Amino acid sequence: MAYDFDLFVIGAGSGGVRAARFAAGFGAKVAVAESRYLGGTCVNVGCVPKKLLVYGAHFADDFEQASGFGWSLEDAQFDWGQLIANKNREIERLNGIYRNLLLNSGVTLLEGHARLTGAHEVEVDGQRYSAEHILIATGGWPQIPDIPGKELAISSNEAFYLKDLPKRVLVVGGGYIAVEFAGIFQGLGAKTSLLYRGDLFLRGFDGAVREHLKDELEKRGMDLQFNTEIRSIEKQADGSLKATLNDGRELIADCVFYATGRRPMLDNLGLENTGVELDSRGFIRVDELFQTTDPWILAIGDVIGRVQLTPVALAEGMAVVRRLFKPEQYRKVDYQNIPTAVFSQPPIGTVGLSEEQAREQGYEVSIFESRFRPMKLTLTECQERTLMKLVVDAKTDRVLGCHMVGPEAGEIIQGLGIALKAGATKQQFDETIGVHPTAAEEFVTMRTSVR
């Protein structure tokens with residue numbers, strides 16, 4: 001049978017665009033449908049604008065610390081509207097880049113909602129198209145718990161477009177998005193409380209990292225409330241919001257921000273017209289080749305619920321199109337030792353196993369830790385401390401995990417990710433000459449195991 005396209009991609013986020021561009025480069029006839037915005041979550045309401053806001057929030061610290069280096073800064077003022085306008089302009093620029101990347105690759109771009117009408121057929125705005133392969137890359141969407149007053153709360157989607165910076169913010173959640181936005185709001189001047197239903201945020205991260213970040217956030221004056229949930233939200237006569245907690249307490253805020261998980265974006269996708277099945281969590285079920293239970297339909301990225309990170313979606317998209325259109329270049333996606341950063345304040349960088357994961361997997365481990373005040377802060381009053389940690393297999397000397405909380409953690413961990421991917425040992429770390437004076441050199445100068 002002759003198809004209109006060799007590959008039809010639903011969703012022009014990072015993974016979908018990468019797959020479409022390279023498939024077209026490999027000689028396939030490709031279409032992409034997108035009904036919202038080019039670049040997906042990451043470019044529009046995710047990692048890119050969030051990082052811009054994180055940069056903005058850091059200036060409060062920089063101004064405070066400047067006097068230690070002889071600078072006198074009087075009457076610094078912050079304009080939320082200016083930051084958001086500049087952010088919007090940058091996102092519009094990136095949208096244009098994504099459009100050009102697709103069009104210049106020879107991809108057919110259809111800006112409308114795509115709905116599956118069969119294993120090889122997609123409908124966009126009333127027009128039907130056939131394709132040998134269909135790739136679902138529709139991403140995820142934030143969800144707010146079904147509590148009374150939920151419509152008064154916002155998610156990360158709305159946070160990037162707030163008209164004004166709220167004076168008082170309740171951030172609800174214990175994942176990296178909650179921690180990052182709590183730091184953004186507080187750094188920009190809002191009185192911020194972080195509420196989490198568990199004992200300690202960032203479940204799954206190394207225990208020392210979680211505890212260290214908690215201590216540093218408390219030093220900064222952030223109100224951390226664990227084992228706490230909001231039962232209801234009510235709007236007050238003055239426009240403020242009253243949040244009633246599980247223990248009966250009431251908190252007043254101008255904004256209640258939820259970062260309590262994301263669901264796969266499957267709305268009106270037409271899966272019922274196909275053989276595609278969902279897993280027990282509601283994500284699209286795929287095999288190791290990213291084939292759904294309808295083998296002509298594939299899925300990648302947040303919609304399959306594996307590792308929900310932009311670079312992972314890119315790798316998954318490449319794996320799909322190489323297998324289909326350039327099999328001599330195909331290689332599986334390796335989900336081990338994926339470097340990760342949390343742009344909290346201070347930030348986290350991590351790669352490999354946490355101490356807890358290593359022990360659970362049966363490793364006998366040696367732990368190396370260093371805590372120190374960064375050199376940049378020695379001329380200031382700031383008492384923030386950096387944590388660096390190595391988890392080492394005591395039997396083979398292989399480094400199983402690297403963890404950091406401190407300035408430029410993400411930048412430093414990226415390089416260490418290569419070392420772990422290559423199977424580096426602690427001896428090789430020790431034999432590497434450090435760059436002095438830097439914080440990064442601490443990773444190659446830790447000589448004594450702490451336990």
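Check GLU64, GLU74, GLU90 and return the single one that is open to solvent by 20 Å² or more (accessible area, probe 1.4 Å), charged (D, E, K, R), farther than 18 Å from MET265 by Cα and modelled with pLDDT of 95 or more. First the steps, then the outcome.
Details: GLU64 fails: modelled with pLDDT of 95 or more; GLU74 fails: modelled with pLDDT of 95 or more.
Being open to solvent by 20 Å² or more (accessible area, probe 1.4 Å), charged (D, E, K, R), farther than 18 Å from MET265 by Cα and modelled with pLDDT of 95 or more holds for just one of GLU64, GLU74, GLU90, which is GLU90.
List the strands (runs of 3 or more DSSP E) inside the stretch 235-292, counting only whole elements, that have at least 2 residues being surrounded by fewer than 15 Cβ atoms within 10 Å (Cβ to Cβ). Break it down into steps so the answer makes sense when it comes.
Working: elements: 241-245, 250-253, 255-258, 262-264.
Qualifying strands (runs of 3 or more DSSP E): 250-253.
Could you pull out every one of the helices (runs of 4 or more DSSP H) wholly within the stretch 9-73 that has 2 or more residues that are among the aromatic types (Phe, Trp, Tyr)?
Values: elements: 14-25, 40-45, 47-66.
The qualifying helices (runs of 4 or more DSSP H) are 47-66.
What do you reckon, is GLY183 within 23 Å of the chain's Cα centre (by Cα) and open to solvent by 40 Å² or more (accessible area, probe 1.4 Å)?
Values: within 23 Å of the chain's Cα centre (by Cα): yes; open to solvent by 40 Å² or more (accessible area, probe 1.4 Å): no.
Against the criterion (within 23 Å of the chain's Cα centre (by Cα) and open to solvent by 40 Å² or more (accessible area, probe 1.4 Å)), GLY183 does not qualify.
Here's the yes/no breakdown for (1) among the acidic types (Asp, Glu); (2) over 30 Å from LEU217 (Cα atoms); (3) without any contact (Cβ under 8 Å) to a residue 24 or more places away in the chain; (4) not in a loop (DSSP other than H, G, I, E, B):
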| site | (1), (2), (3), (4) |
| --- | --- |
| ALA85 | no, no, yes, yes |
| GLU90 | yes, no, no, yes |
| LEU103 | no, yes, yes, yes |
| VAL122 | no, yes, no, yes |
| GLU132 | yes, yes, no, yes |
| GLU158 | yes, no, yes, yes |
| PRO166 | no, no, no, no |
| LEU170 | no, no, no, yes |
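Out of the residues in the stretch 307-350 that are small (Gly, Ala, Ser) and farther than 21 Å from ARG285 by Cβ, state the one that is surrounded by the most Cβ atoms within 10 Å (Cβ to Cβ).
Initially, the stretch 307-350 is screened for residues small (Gly, Ala, Ser), giving 313, 315, 317, 319, 341, 344, 349.
This time we only want the ones that are farther than 21 Å from ARG285 by Cβ, so: 341, 344, 349.
On the way: ALA341: 23, SER344: 23, GLY349: 25.
Once the filter is applied, the top-ranked residue is GLY349.
Only one residue in LYS163, LYS191, LYS167 is in contact with a helix residue (DSSP H, G or I) (Cβ under 9 Å, 6 or more places away or on another chain), farther than 17 Å from VAL45 by Cα and open to solvent by 30 Å² or more (accessible area, probe 1.4 Å). Which one? Outline the logic, then answer.
Working: LYS163 fails: farther than 17 Å from VAL45 by Cα; LYS167 fails: in contact with a helix residue (DSSP H, G or I) (Cβ under 9 Å, 6 or more places away or on another chain).
Every option except LYS191 fails the conditions.
Which residue pairs have Cβ atoms under 9 Å apart, sit 6 or more places apart or on different chains, and have a first residue in the stretch 235-247 that is farther than 20 Å from GLN225 by Cβ and a second that is in a loop (DSSP other than H, G, I, E, B)?
Filtered contacts from the stretch 235-247: LYS235/GLY149; GLY239/ASP254.
Tell me which residues, restricted to the stretch 421-433, are of a type outside the set (D, E, K, R) and either farther than 28 Å from GLU384 by Cα or open to solvent by 30 Å² or more (accessible area, probe 1.4 Å) (or both).
Applying the first criterion (of a type outside the set (D, E, K, R)) to the stretch 421-433 yields 422-425, 427-429, 432-433.
Result: ALA422, GLY423, ALA424, THR425, GLN427, GLN428, THR432, ILE433.
Being acidic (Asp, Glu) and more than 23 Å from the chain's Cα centre (by Cα) is the filter here, so list the residues in the stretch 90-113 that pass it. Give the steps one after another, and end with the answer.
Residues of the stretch 90-113 that are acidic (Asp, Glu), as a first pass: 90, 92, 111.
The one that is acidic (Asp, Glu) and more than 23 Å from the chain's Cα centre (by Cα): GLU111.
For the stretch 183-234, which positions are in contact (Cβ under 8 Å) with a residue 60 or more places away in the chain, assigned to a strand (DSSP E or B) and not aliphatic (A, V, I, L, M)?
SER193, ARG231, SER232, GLU234 - these are the residues of the stretch 183-234 that are in contact (Cβ under 8 Å) with a residue 60 or more places away in the chain, assigned to a strand (DSSP E or B) and not aliphatic (A, V, I, L, M).
Of these, MET388, MET404, MET446, which one is in a loop (DSSP other than H, G, I, E, B), open to solvent by less than 30 Å² (accessible area, probe 1.4 Å) and not β-branched (Val, Ile, Thr)?
Numbers: MET388 fails: in a loop (DSSP other than H, G, I, E, B); MET404 fails: in a loop (DSSP other than H, G, I, E, B).
Answer to the selection: MET446.
The values are calculated or read from the model by the stated rules, or taken from the named source; none is laboratory data. These figures come from a predicted structure and were not determined experimentally. Here Cβ is always computed from backbone atoms with ideal geometry, including for glycine, and neighbour counts include all displayed protein chains. Heavy atoms of the whole protein, side chains included, go into the accessibility calculation; ligands, DNA and RNA do not. Shrake-Rupley method; radii C 1.70, N 1.55, O 1.52, S 1.80 Å.
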